[in-house]
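These notes are about the structure you will find just below.
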Amino acid sequence: GGGCCDPNVARDQTEIEQRRDMLVYTTPPFTKTLKIAGYISATLYLSTSVPDTDITLKLVDVYPDGKAYNIYDTIQRLRYRDGIDREAPMEPGRVYKIEQFISIMKPLGVVEVCRTGVAAMNRGAEKM
């Protein structure tokens, strides 16, 4: 998606959000300025067909023209879901509770929309 985990890199996410493996959730337009500061968390319940995968979480700012730029994103390798010092392969088909966090501070304007995206990888070139 363009510079995972680097708050200085914002790329248009419009094409990436069309992938079949991407879950996208969008707010209605804001009616007043919104300041986002602190931690944003997501609790995901997921299963996979492989012993390890990466999961990404994005916070995206959607402009009036429809372009969607990542404010921040993060990625987690799921074999380290219990801590970087506790490597644990996943059992295919088993459901796991995964928590991800983003630390952010950004003012959003009146006409903007906020969007989150979750995917199994953070690549833009792959078409699934």
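The values are calculated or read from the model by the stated rules, or taken from the named source; none is laboratory data. Not measured: the values here are computed from a predicted model. Counting neighbours? That spans all protein chains shown, and the Cβs are built from the backbone with ideal geometry, glycine included. With ligands, DNA and RNA removed, areas are computed over all heavy atoms of the protein, side chains included. Shrake-Rupley method; radii C 1.70, N 1.55, O 1.52, S 1.80 Å.
Some points to look at:
- The number of residues in the range 13-33 that are modelled with pLDDT of 80 or more, part of a loop (DSSP other than H, G, I, E, B) and either among the β-branched types (Val, Ile, Thr) or within 14 Å of the chain's Cα centre (by Cα) (or both) comes to 7.
- The requirement of being farther than 18 Å from Arg11 by Cβ, in a strand (DSSP E or B) and either out of contact with any His (no Cβ under 9 Å at 6 or more places or on another chain) or open to solvent by less than 80 Å² (accessible area, probe 1.4 Å) (or both) is fulfilled somewhere in the range 75-86, by at least one residue.
- Any hit, the range 77-85, residues being of a type in the set (Phe, Trp, Tyr) and closer than 19 Å to Met22 by Cα: no
- Residue among Ala10, Ala37 that alone is small (Gly, Ala, Ser), within 19 Å of Ser103 (Cα to Cα), touching a residue at least 60 places away in the same chain (Cβ under 8 Å) and assigned to a strand (DSSP E or B): Ala37
- Selection count where residues are within 14 Å of the chain's Cα centre (by Cα) and modelled with pLDDT under 60, scope the range 1-12: 7
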